[in-house]
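Engineer: Starting off with a structure, shown below.
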Amino acid sequence: MKKILLIIVIALTMMLWSCATTPKDNAEKVVKAVNEYCDKVEKAIADEIIDDDEVDAIKSSEKDYMNLIGEITESYAGKANDRAEFEQQMYTSDAWVRMADVNSKLANTEGYAKISLTNK
């Protein structure tokens, strides 16, 4: 009986430990989402024309990383130190420099106006 109880306690501890995320882990999730957005934009602008399918992919990816940032930031309500650590980890990534570069190229691509005129 003690062995079964010990196994249950170990399993519960492992489950709790695996679910715990740190501000650094959350920042890495955002950086991954930003890099996925950049990948989609780079793919879309490779031929220097943005078509409707690419607009949908870009807008969807943009929405994904924006929602993720919002959800994680909201989860740190009342935890100023964790939120500050999350923001520091997130914004010191090279992904933001990459995004600025990619967005600059995107703005100079034929069909860019479709992105700002699409409500998705």
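Engineer: When only the heavy atoms of the protein chains count and the probe is 1.4 Å, how do THR21, THR92, THR73 rank by accessible area, highest first?
Structural biologist: Values: THR21 70, THR92 100, THR73 30 Å².
Putting THR21, THR92, THR73 in descending order of accessible area: THR92, THR21, THR73.
Engineer: Using the Kirkwood radius built from alpha carbon pairs, what does the Stokes-Einstein equation give as D for the range 68-120 at 10 °C and 1.306 mPa s, in µm² per second?
Structural biologist: Details: Rh = 13.5 Å.
Using the Kirkwood radius from Cα pairs, D works out to 118 µm²/s.
Engineer: If you don't mind, another one. Going down the list LYS59/LYS79; LYS24/LYS105; LYS29/LYS114; LYS29/LYS79; LYS24/LYS114, which pairs span over 25 Å between their C-alpha atoms?
Structural biologist: LYS59/LYS79; LYS24/LYS105; LYS29/LYS114; LYS24/LYS114
Engineer: Can you tell me the length gained on complete extension of the stretch ASP94 to LYS43, counting 0.36 nm per residue apart and subtracting the Cα distance?
Structural biologist: Between ASP94 and LYS43, full extension yields 16.5 nm more.
Engineer: Note the direction-averaged projected area, equal to a quarter of the hull surface, for the Cα convex hull of the range 18-101, in nm².
Structural biologist: Quarter of the Cα hull surface area: 6.0 nm².
The values are calculated or read from the model by the stated rules, or taken from the named source; none is laboratory data. Treat the numbers as computed from the prediction; the structure is a model and nothing was measured. Please note that ligands, DNA and RNA were not included when accessible areas were found on the heavy atoms of the full protein model with its side chains. Shrake-Rupley method; radii C 1.70, N 1.55, O 1.52, S 1.80 Å.
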